[in-house]
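A short write-up of the structure that comes next.
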Amino acid sequence: MKPSFPIENFLLRAATDKRILPSHMSLFMAIFFYSPEQPTGRPFGVSRQKLMRFAKLKSISTYHKCLSELVELGYITYQPSFDPYRASKVSINDNG
């Protein structure tokens, strides 16, 4: 079972962050769902299609906007892969 620590941190921080919208929360939950057993701080591969489907995001532009804002606000770190055969990497930050 995954530790709830990153989710608890995220929810507590997001509850007071007026910039976080339901779409950000949904995307973060999808990232956490697809993360490995110890999600905090370690990069792991993500699939845009899977994250969008799980987060119920229909627009690629909304996905990229939410992803970049989660990075900007310090909730996650994102390392894009411009190779269609290699996954982009995401890590959940300790403070997020």
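Nothing in this text is a laboratory measurement; each read-out follows from the coordinates by a stated rule. From a predicted model like this one, the values you see are computed outputs, not experimental measurements. Cβ coordinates were reconstructed from backbone atoms using ideal geometry, including for glycine residues, and neighbour counts include every protein chain displayed.
Some observations on this one:
- Estimated dipole of the chain in Debye, rounded to 20 [Cβ of Lys and Arg +1, of Asp and Glu -1, Cα centre]: 360 debye
- Shown here for the range 52-96: chymotrypsin sites (Phe, Trp or Tyr not before Pro) in loop regions (DSSP other than H, G, I, E, B) with at most 14 other Cβ atoms within 10 Å, namely PHE82, TYR85.
- Between GLN49 and PHE82, the simple label model (points 7 Å from Cα in the Cβ direction) yields a spacing of 2.3 nm.
- Helical runs (DSSP H, four residues minimum) scored at -39500 (n - 2.57) apiece and divided by the length of the chain put the mean residue ellipticity at 222 nm at -14500 deg cm²/dmol.
- Distance between the 7 Å Cα→Cβ label points at SER61 and LEU11: 3.3 nm.
- Cα centroid separation, the range 12-35 to the range 65-91 (Å): 14 Å
- Under DSSP loop assignment and at most 14 Cβ neighbours within 10 Å, longest trypsin sites (Lys or Arg not before Pro)-free interval of the chain: 20-55
- The stretch between ARG19 and TYR34 holds 3.0 nm of extra length on full extension. This uses 0.36 nm per residue minus the Cα-Cα distance.
- The mean sequence separation of alpha-carbon pairs under 8 Å and at least six residues apart, normalised by the residue count of the chain, gives a relative contact order of 34 percent.
- DSSP-loop GluC sites (Glu not before Pro) across the range 19-96, with at most 14 other Cβ within 10 angstrom: GLU37
- Rounded if a/c under 1.5, otherwise prolate or oblate - the range 5-92, Cα gyration tensor axes: oblate
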